[in-house]
Amino acid sequence: MLALGWACWKTYAGRPESDQYRCSGMGVLGTALSQNKRPEEALPVLEVHLASRQRDWSDDEDGILTAQSNLASCLSKLGQHEKALVLNREVYARKAATLGVSHEETIRSGCNIITSLILLHLCDEAKLFSRDPLLPAARRSL
């Protein structure tokens, strides 16, 4: 995946910043770096990718939420769990509002919140969150 990420970036890097293929290539590279145990290198790439999505494709909510989730995952790998939690909460709130609490993507986003809470040693809050909105929604969707 990392070789593919670099290939995407090299192919589209010369295009204008607002080019969708350039932005997508940056996202692929950032995600590949993060998944290949190189989160320090991935972080600035994923931050620029998210900023580009928000600036140039503000109407593509799914793309922005995906970029936020990828950035949150990278931040968590770097031990920046508070920042990851903030992003995970934003993603969950938008997914719940647009897709509903029983949707698979919303439930997955809720699990990301629980993971962040546990990593921050906020186990009581994690339990409360899993009992209140998340588990009943997951049960209904099964």
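The values are calculated or read from the model by the stated rules, or taken from the named source; none is laboratory data. Everything quoted here is computed from the prediction, not taken from an experiment. No Cβ is skipped: glycine too gets one built from the backbone with ideal geometry, and neighbour counts run over all protein chains shown. Side chains are part of the model used for accessible areas, which takes the heavy atoms of the whole protein and leaves out ligands, DNA and RNA. Shrake-Rupley method; radii C 1.70, N 1.55, O 1.52, S 1.80 Å.
I'd like to know which of T11, I107, G25 lies farthest towards the positive end of the charge dipole of the chain, counting +1 on Cβ of Lys and Arg and -1 on Cβ of Asp and Glu.
It is I107.
State, to one decimal in nm, how far the label point of E17 lies from the label point of L99, with both points 7 Å from Cα in the Cβ direction.
Result for the modelled spin labels: 3.0 nm.
Could you report the chain's accessible area per residue, 1.4 Å probe, as an integer in Å²? Please report the intermediate quantities before stating the final value.
Working: 7920 Å² over 142 residues.
I get 56 Å² per residue for the chain.
Kindly identify the chain as rounded, prolate or oblate by the Cα gyration tensor criterion: order the square roots of the eigenvalues as a ≥ b ≥ c, call it rounded if a/c is under 1.5, otherwise compare a/b with b/c, prolate if a/b is larger, else oblate. Could the numbers behind the result be given before it?
Details: a/c = 2.49, a/b = 1.69, b/c = 1.47.
It is prolate, given that a/c is not under 1.5 and a/b is the larger ratio.
Compute the angle between helix 2-12 and the longest alpha-carbon principal axis of the chain, please, reported from 0 to 90 degrees and rounded to the nearest 10.
In the chain, helix 2-12 runs at an angle near 50 degrees to the longest axis.
Give me the percent of the accessible area of the stretch 1-120 that comes from carbon and sulfur atoms, probe 1.4 Å, all protein chains in place.
Numbers: 3340 of 6180 Å².
Carbon and sulfur atoms account for 54 percent of the accessible area of the stretch 1-120.
Can you list the HN-Hα couplings for the stretch 82-98, worked out from phi with the Karplus curve (6.51, -1.76, 1.60; θ = phi - 60°), rounded to whole Hz and with x for Gly and Pro?
Listing the rounded values in order: 5, 5, 4, 4, 4, 5, 4, 5, 4, 4, 4, 4, 5, 5, 4, 5, 8 Hz.
Could you give the size of the charge dipole of the chain about its Cα centre, using +1 on the Cβ of each K and R and -1 on the Cβ of each D and E, expressed in debye and rounded to the nearest 20? Numbers along the way, then the final one.
Numbers: 17 positive and 17 negative charges, 73 e Å.
The calculated dipole for the chain is roughly 360 debye.
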